[in-house]
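Chemist: After the structure tokens below, expect a handful of questions from me.
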Amino acid sequence: MGNSGGILVFAIFGSLSNVENKYDIWSDIDGLLIVKDKSYTEFADSLKWAEELGSVFAYQKNREENKQTIRLIFDDFKRLDIVIIKYSSIEDITLPEHGPYWSKIDIIFSRSEEINKLLKKTKKVILPPQFSDQQFQDLVNNFWFVASLALYKVMRNDLLIAQHLSLDLYKNCLLLGMIIRDRDTGTNIHKTGGVGNEIAKEIHILLQSISQANVLDQIDQCGKEFDRLCSKWTNKYIPHHPKFEKFVQRAKGELSETPARE
């Protein structure tokens, strides 16, 4: 695996480390790779080491201050989520804000008894999901700005941008639904589905063929659903859709008076 001499520890955790869990094509493997400082960029910035495990179909990278998380999907659709940490940062994995990541960990390979002891004594801490009042307000402000911009684009017959913005509105409704689920369940770790599906089903937004009238309807539906979800998040929320709907109705009236522009 790449410069194997630079690897100090490779371990797996998560569902795969529990023998009671059944592994199949829809499962993922959670891995922890601790490397020498001088080898960190070789593993964090390159995927050459991963190509030795199989042909990579797609990937995501998420770099934080002291670690890099790489999520890999291979051609056979197996998935590996691996956290890469350099040796000088191993103490950080004992801190709740940076880790730890496991309730059980299996060390597959190690050159360091010191790291082994650290990993064995470190247990997963479940922190409640954090979504501050300011983050909520930022989400609200962004949603209604984008909704207004989408309305402008519809009335300028720029359906390419209008539909793009409309889908962003839909996505933010789903995002708020996920945030509500995390609050209600006390965790943002959901290994299996089911919990929260009713939230998605309650979001009544109909995607239709693209026309000025249909995109306008989608924007309006997103606004109604977002208001409903915001009120579910906090009873202090003041609905925005009633003001916004006045302009939606004006737009609908203007569209009905002019020939459809496709």
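Chemist: What are the residues in the stretch 206-239 that are without any contact (Cβ under 8 Å) to a residue 60 or more places away in the chain, in contact with a Lys or Arg (Cβ under 9 Å, 6 or more places away or on another chain) and hydrophobic (A, V, I, L, M, F, W, C), if any?
Modeler: Ala213
Chemist: Let me ask another. Inspect all residues belonging to the stretch 51-71 and state whether any of them is touching a residue at least 40 places away in the same chain (Cβ under 8 Å) and among the small types (Gly, Ala, Ser).
Modeler: no
Chemist: Among the residues of the stretch 122-132, is there at least one that is part of a helix (DSSP H, G or I) and either surrounded by fewer than 16 Cβ atoms within 10 Å (Cβ to Cβ) or modelled with pLDDT under 95 (or both)?
Modeler: no
Chemist: Still on this structure, I have one more. Given Leu8, Leu33, Leu80, Leu72, which one is assigned to a strand (DSSP E or B), touching a Gly at 6+ places or on another chain (Cβ under 8 Å) and at pLDDT 90 or above?
Modeler: Step by step, each of Leu8, Leu33, Leu80, Leu72 is checked, and only Leu80 is assigned to a strand (DSSP E or B), touching a Gly at 6+ places or on another chain (Cβ under 8 Å) and at pLDDT 90 or above.
Chemist: Please find, among Ser209, Ser166, the residue that is at pLDDT below 95 and assigned by TED's automatic domain parsing to the domain that holds His241.
Modeler: The unique qualifying residue is Ser209.
Chemist: Further question: Residue by residue through the stretch 204-236, note down the ones that are surrounded by 15 or more Cβ atoms within 10 Å (Cβ to Cβ) and farther than 19 Å from Ala162 by Cβ.
Modeler: Result: Asp227, Arg228, Leu229, Cys230, Lys232, Trp233.
Chemist: Right, here's the next one. Looking at (1) over 21 Å from Leu118 (Cα atoms); (2) modelled with pLDDT under 85; (3) surrounded by 14 or more Cβ atoms within 10 Å (Cβ to Cβ), which one does Val56 not meet, given that it meets all the others?
Modeler: (2)
The values are calculated or read from the model by the stated rules, or taken from the named source; none is laboratory data. Remember, it's a predicted structure, so these values are computed and weren't measured experimentally. All Cβ positions, even for glycine, are placed from backbone atoms using ideal geometry, and neighbour counts span all protein chains on display.
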